Amino acid sequence: MSLIAGSYEKFIWGFKLKPLKHSDSQETLTLTPLFSYPAHLAPITTVAAAGPAAASGSSDDTIHIYDIPSASSLGSLHQHTSSITSLSFFTPPSLSFPRNLLSAAADGSVCIFDADPFVHLKTVWAHKKAVNDLSVHPSGKLALTVGRDECLAMLNLVRGRRSFYCRLGKEASLVKFDLGGERFFMVTEEKVGIHQAEDARLVTELECRKRILCAAPGENGLLFAGGEDRNITAWDTNSGKLAYCIEDAHSTRVKGIVVLTRNDGDVNDPYLLASASSNGVIRVWDVRMAVKEKPNPLAEVNTKSRLTCLAGSSLKSLKRPQVGNSNPTEKHDTAGEGSQE
C-alpha cells in the first residue's frame, strides 16, 4: 500500500506502507519514502491514486501523472486554464488499473481523461463558479460535483454532459459516494448531509464540532471525517450516530484521510486509516483500537512541510501508465460502459 501527499511548498511526497519486523518477532508498520520533489510551480491542491497510478493537481493549472512502483513522473496534462481543485480516478471492479481520470477546476469545468494512455476525452462545464469537489459513482456512469455557486451537479459520464443541476442554498465543500454507491455525503462547514443517491433525498444530518476539511467512506456504512478540531471522527451513517472518535489525532488541523485496504479486500485485514495534518505529519491507525481507547499510530512520518492533501493506493499491478496523444475514439468515450438514457 502506498500514500501520496501534496504540500503548499509544491512538493509531492510518496510513501510505501510495509511491515517492519523486530528481533522479538513482533511486526509493526513503517512508512518508507518512495519519492519527494517539487512537482509543480504553485501549491499542490489535490492528489489521487489508484493501482500503480497517481496524479496531482495544482494552482498552476496543471495535472502531473506518476508511476508509483518506479517512483517516476510520467508527464503533465494541460487541458485546464485555472486551478485544479479535485481529482478522482475510476477503476472498474474487474481491473487493477484505472480506466479514467476526472479533474475539476476553479472555472467550473470538469475534464475526463482516458487513463491508458492519458489523453483528454471531454470537457464538461459543471458549475458557474469553482468546483469544490467531485466524486465518481462506483459504476463509473455518473459523477457528482459541488461548487462555489452553491449548487450540486450530476454529470452523465456515458454521454459526457451535465444531466442535473440544482441550487443547495449554501456552499458545499465536499461530496462523496459511499462504497456501494447507494448514498452520497455532502459537507457544509461542520455538517454532513447523508443523501439517497437515487433521488438526492436527505436522510439525516451529522454535525461535528468544527469545520470539516476532509472525509472518506469506509466499510459497513462508516464515514470518517477530519478537520479543524484535529480529531478523526467515525460516523455510523446507517444509524446517524457517532461510532467513535480519535481525539487529538494530530496537533494541527487534519487535511487528508484515506481508508486503506489490501489488494484482495480481505475483511479480516486490520482496518487501516491514514491521516495527514497541516504541520506535515502523516499517521497510520488501526481504527479498531479506537472503539475502546485512543490508539497509538502504527506508523508515522514527518514531511516537515505544510501538507494540503492525501491519497492512497494498493499496488495491484506493475503496469506502467503513459501520457500520450493517441486517438481517443479507439477507447471508451467516457468512464461508463454501455449507454444510459
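The values are calculated or read from the model by the stated rules, or taken from the named source; none is laboratory data. These numbers were taken from a predicted model, which means no experiment stands behind them. Cβ coordinates were reconstructed from backbone atoms using ideal geometry, including for glycine residues, and neighbour counts include every protein chain displayed. With ligands, DNA and RNA removed, areas are computed over all heavy atoms of the protein, side chains included. Shrake-Rupley method; radii C 1.70, N 1.55, O 1.52, S 1.80 Å.
As a summary of the residue check, residue 234 satisfies the conditions (1) in a strand (DSSP E or B); (2) on the phi > 0 side of the Ramachandran plot; (3) not β-branched (Val, Ile, Thr) except for the one numbered (2). The listed residues are 57, 75, and the only one of them that is open to solvent by less than 40 Å² (accessible area, probe 1.4 Å), outside any loop (DSSP other than H, G, I, E, B) and at pLDDT below 95 turns out to be 75. Looking at 239, 251, can you tell me which residue is open to solvent by 10 Å² or more (accessible area, probe 1.4 Å), free of Cβ contacts under 8 Å to residues at least 24 places away in the same chain and among the hydroxyl-bearing types (Ser, Thr, Tyr)? Just one listed residue meets the conditions, 239. Based on what the data block shows, is residue 85 modelled with pLDDT under 95 and within 17 Å of the chain's Cα centre (by Cα)? Criteria not met by residue 85. Selection of the range 174-215 for residues being in a strand (DSSP E or B) and touching a residue at least 60 places away in the same chain (Cβ under 8 Å) yields only 214.
Per-residue answers, yes or no, for (1) basic (Lys, Arg); (2) modelled with pLDDT under 95:
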residue: 156; (1), (2): no, no
residue: 162; (1), (2): yes, no
residue: 173; (1), (2): no, no
residue: 177; (1), (2): no, no
residue: 187; (1), (2): no, no
residue: 191; (1), (2): yes, yes
residue: 198; (1), (2): no, yes
residue: 202; (1), (2): no, yes
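Taking the range 216-228, which residues are under 22 Å from residue 276 (Cα atoms), outside any strand (DSSP E or B) and at pLDDT below 95?
Within the range 216-228, the first condition is being under 22 Å from residue 276 (Cα atoms), and the residues that meet it are 216-219, 222-228.
If we keep only those that are outside any strand (DSSP E or B) too, we end up with 218-219, 228.
Scanning the range 216-228 gives 218, 219.
When the test is whether a residue is assigned to a strand (DSSP E or B), within 22 Å of residue 124 (Cα to Cα) and open to solvent by 40 Å² or more (accessible area, probe 1.4 Å), residue 81 does not pass it.
Just to be sure, is residue 20 surrounded by fewer than 19 Cβ atoms within 10 Å (Cβ to Cβ) and at pLDDT 95 or above? No; evaluated as a whole, the condition is false for this residue. Residues in the range 174-195 that are closer than 18 Å to residue 136 by Cβ and of a type outside the set (A, V, I, L, M, F, W, C): 176, 178, 180, 181, 182, 183, 195.
Residues in the range 271-315 that are of a type in the set (D, E, K, R) and not in a loop (DSSP other than H, G, I, E, B): how many? Reasoning before the result, please.
So the first thing to find is which residues in the range 271-315 are of a type in the set (D, E, K, R), and the list is 283, 286, 288, 292-294, 300, 304, 306.
Pick out the ones that are also not in a loop (DSSP other than H, G, I, E, B) and you get 283, 286, 288, 300.
The qualifying residues number 4.
Selection of the range 115-139 for residues being open to solvent by less than 20 Å² (accessible area, probe 1.4 Å), closer than 21 Å to residue 175 by Cβ and either more than 16 Å from the chain's Cα centre (by Cα) or at pLDDT below 95 (or both) yields 124, 126, 127, 130.
So, residue 86, is that one open to solvent by less than 20 Å² (accessible area, probe 1.4 Å), closer than 22 Å to residue 146 by Cβ and in contact (Cβ under 8 Å) with a residue 12 or more places away in the chain or not? So residue 86 passes the test.
Cβ-Cβ distances below 8 Å connect the following pairs, each with a first residue in the range 92-114 that is open to solvent by 10 Å² or more (accessible area, probe 1.4 Å), a second residue that is small (Gly, Ala, Ser) and part of a strand (DSSP E or B), and a separation of six or more residues or different chains: 97/50; 97/53; 97/115; 99/115.
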